[in-house]
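Notes follow once the structure below has been shown.
The values are calculated or read from the model by the stated rules, or taken from the named source; none is laboratory data. Keep in mind it's a predicted model, so treat the numbers as computed, not measured. So basically every Cβ, Gly included, is an ideal-geometry build from the backbone, and we count neighbours across all protein chains shown. Accessible surface is based on the protein model in full, side chains and every heavy atom, while ligands, DNA and RNA are left aside. Shrake-Rupley method; radii C 1.70, N 1.55, O 1.52, S 1.80 Å.
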Amino acid sequence: RSAARCPAHTAISIGETRISYAELLQRVRSLAQGLFELGVRPGDRVALMLPNTPAYVMTSYALLRIGAVIVNVSPQSQGSELISILRQSEAVALFALDVFLPGLYKALDKSPIKYLYISSVQGLEKKLPVPPGIPLPQPLESLFRTPQESTAGPQPVADDLAVIQFTSGSTGTPKGVMLSHRNVLASVRQSALWMNAAELPNAGVLCVIPFFHVFGMSIGLHLTIAKAYRMILVPRFDALDLMPIVQLIEKERPLSFPAVPTLWAALMSHPAVTKELLSSIHVASSGGASPPEWVQQSYRALTGRPIYEAYGLSEAGGATHASPFPQGGALGSIGSPLAAVKAKLVDPEDGAREVAVGEVGELLVSGEVVMRGYLGNDELTRKVLRDGWLCTGDLARCDAEGQYFIVDRKDDLIITSGYNVYPSEVEAVLAQHPAVQDVAVVGREDRLRGQVVIAHVVLRPGLVATTESLLLLCRDNLPDYKVPRSVVFTDRVPRNPAGKTLRKDLPTAAESAS
C-alpha cells in the first residue's frame, strides 16, 4: 500500500544509497519469486542473521509475501546457541553477511540448513575454504528472478506463523516465540495509532535498534513502512564513538528516533548534541529499560519534549505500553496500555488476586499482540499463557491515573534477611551520583542472609567515585538491608540489543575497588 501511495518516496537510506518504495517493492517481488523457485514454501522457516541492511528488509518482506517464516537470529549468536536456534526452528536456509562466515562454518554442519545466502561486505566467500557438510555460500543477488504471479503460491492468512523470535529472557536459554501475521499487524497498528505525529511526507526514522530484535522489527521496520516513512539504516554503531550518529541526525533530520537508554545517556553526554541538532526529532522513544532521570530531564530541558518510555516483550510482538503522546508521562512510567492491549496486575504468589492501586504485582497482558506460544515447549507455554493472559514475569505498580511503573523482573527480586529488594530501587539511587554512568544490581548468595545486594558500577570517563561515597549515598536514601554489601567497578554493564540488563551475565563475586 505504501508503494502504491508513494512510489517515488525513499524507503531506505543507507550511506549514499537511496531505494524508493517502487524499487523496494519490485526487489521484494523478485526475491520472493527466487525463494519460491528455490523451493521455499509457506510454513518453511528461514533464518536471517543480518544487521540493519537493505538485505534484511528485502528478505524479510519476500519471506512474509510467500508465507514462509522469518527466524530472527542475532549476529552475536554462535556455537552451541546458534546450533540450538537453527535446530529448534528447523530452518532450511540462512541469510547472513559474509563477515559472519568464519563463525558459521563452525556450526552449520550440525544444523538443518540446506541453503546459505550472503550479502557481501568484504568478499570473504572467495577466500575461505568451505568445510565439508556446509552448503556452498551463494550471493543474495543470485536469487532475484522475474516475478511470475501464477507461481507465487497461496497468500498467508492472519493466523499463519510469521516470525519465530528467539528470546532468552532471564533464564539464559533461548526460547522461540511464535508470532503470527495477526500478532505482528496488531502491534504495528497500535503503534501507528499512538504515534500520531504531524504527518510529514517521507519523514525519516533513525533505525539503530536492530531489526532482528522485536522492538526494532516492529517500530523501526514495519511501522516505518506502514507510514511510508524513510528508514535511515544504521548497521552498527560504537557507543564510544557517537559522531557517526550525530552526523546522521544532522544530515537526515529524522522525525523519529527509537533507542535504548544507554544510547540516550551517551547522546545526552556528548558535547556535539545541541538543541538545534535534536530539533527535528519529535518522537524520541526508549525501550528495554527506564532511562535515568537525568537523561529525561536533560532531553526535556534541551528540546522541550519528553523521551517517550515504552515497554514490551517478544511474547507480545513489541510494545504493550507507552507514555502518552505528545505530552509524555511521569518520570519512570511506561505509560498506559496501547490500543490492542489489556493489562492487569496480580499478586505474584496468588495469580487470581488483582492488587490494589499503588501495590506491586506481576504484570499480565492480553490482546491480539500476544504470541501463539513457545516453539516446541507446550509446558512453558501453559505456564506463561493462562486464561487468555500473558504472564510477563515483570513486577509493576499502577497509579490512580492508570500509568504503569515497572519495578523489576520477578526473577531478579533479591530476598535478603527476609526482606524484598528490587534491584531498580538501588540502581535509581546510585544513578544519582554525578560520576556514575551506568549501574546494575544483583543478588549474591549469602549463608546468613540468604542473599546480599551487589552493585556493578560504570564511571563516567574522567570522573572518580569511591566505594565509600557510593555506599554513603545509598545509606542516606535506603534502609540498611537495601544498601549494597560491595561495589564492583566495571567498564560495562551487559545488556541485550533492547537495552535490558543481562543480570545473569554479571559476576556475583564480592570484588570491589575504589
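Here are the numbers:
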| item | result |
| --- | --- |
| Residue count for the range 56-102, restricted to those that are over 20 Å from the mean Cα position of the chain (by Cα), of a type outside the set (D, E, K, R) and part of a loop (DSSP other than H, G, I, E, B) | 4 |
| Flag for E379 being more than 23 Å from the chain's Cα centre (by Cα), acidic (D, E) and within 25 Å of L502 (Cβ to Cβ) | yes |
| Criterion violated by P484 - all others in (1) part of a strand (DSSP E or B); (2) under 23 Å from V360 (Cβ atoms); (3) not aromatic (F, W, Y) satisfied | (1) |
| R447 vs. criteria out of contact with any Leu (no Cβ under 8 Å at 6 or more places or on another chain) and modelled with pLDDT under 90 | yes |
| Within the range 414-436, tally of residues that are out of contact with any strand residue (DSSP E or B) (no Cβ under 6 Å at 6 or more places or on another chain) and farther than 16 Å from H456 by Cβ | 6 |
| Residues (out of contact with any helix residue (DSSP H, G or I) (no Cβ under 6 Å at 6 or more places or on another chain), within 13 Å of I406 (Cα to Cα) and among the small types (G, A, S)) located in the range 297-342 | A310, G312, S323, A330, G332, S333, G335, S336 |
| L302 out of contact with any Gly (no Cβ under 6 Å at 6 or more places or on another chain) and buried (at least 23 other Cβ atoms within 10 Å of the Cβ) | no |
| Those residues of the range 35-55 which are in contact with a strand residue (DSSP E or B) (Cβ under 7 Å, 6 or more places away or on another chain) and not in a loop (DSSP other than H, G, I, E, B), in sequence order | L38, R45, V46, A47, L48, M49, P54, A55 |
| Exclusive hit being out of contact with any Phe, Trp or Tyr (no Cβ under 8 Å at 6 or more places or on another chain) and either more than 19 Å from A339 (Cα to Cα) or of a type in the set (A, V, I, L, M) (or both), set G388, G418 | G418 |
| Number of the exception - H270 against (1) farther than 27 Å from G335 by Cα; (2) in contact with a Ser or Thr (Cβ under 6 Å, 6 or more places away or on another chain) | (2) |
| Counted residues, the range 37-57 - those being open to solvent by less than 10 Å² (accessible area, probe 1.4 Å) and within 12 Å of L221 (Cβ to Cβ) | 5 |
| S333 being free of Cβ contacts under 8 Å to residues at least 24 places away in the same chain and either open to solvent by less than 10 Å² (accessible area, probe 1.4 Å) or touching a Pro at 6+ places or on another chain (Cβ under 6 Å) (or both) | no |
| Conditions (1) outside any helix (DSSP H, G or I); (2) buried (at least 22 other Cβ atoms within 10 Å of the Cβ); (3) at negative phi: number failed by S280 | (2) |
| Some residue of the range 139-157 being of a type in the set (D, E, K, R), modelled with pLDDT under 95 and open to solvent by less than 50 Å² (accessible area, probe 1.4 Å) | no |
| Top-ranked residue of the range 89-106 - restricted to ones that are in contact with a Leu (Cβ under 6 Å, 6 or more places away or on another chain) and of a type outside the set (A, V, I, L, M), ranked as nearest to H181 (Cα to Cα) | F95 |
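Let's see how each residue does on (1) touching a Cys at 6+ places or on another chain (Cβ under 6 Å); (2) assigned to a loop (DSSP other than H, G, I, E, B); (3) touching a residue at least 60 places away in the same chain (Cβ under 8 Å):
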{"position": "S290", "(1), (2), (3)": "no, yes, yes"}
{"position": "W294", "(1), (2), (3)": "no, no, yes"}
{"position": "P326", "(1), (2), (3)": "no, yes, yes"}
{"position": "A343", "(1), (2), (3)": "no, no, yes"}
{"position": "E349", "(1), (2), (3)": "no, yes, no"}
{"position": "E368", "(1), (2), (3)": "no, yes, yes"}
{"position": "L380", "(1), (2), (3)": "no, no, yes"}
{"position": "T392", "(1), (2), (3)": "no, no, yes"}
{"position": "R397", "(1), (2), (3)": "no, no, no"}
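Each row is one residue, and each column tells you yes or no for (1) at pLDDT 95 or above; (2) open to solvent by less than 30 Å² (accessible area, probe 1.4 Å); (3) more than 30 Å from G328 (Cα to Cα); (4) charged (D, E, K, R).
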site	(1), (2), (3), (4)
V421	no, yes, no, no
A428	no, no, no, no
P461	no, no, yes, no
V464	no, no, yes, no
D476	no, no, yes, yes
R485	no, no, yes, yes
N496	no, no, no, no
K500	no, no, no, yes
E511	no, no, yes, yes
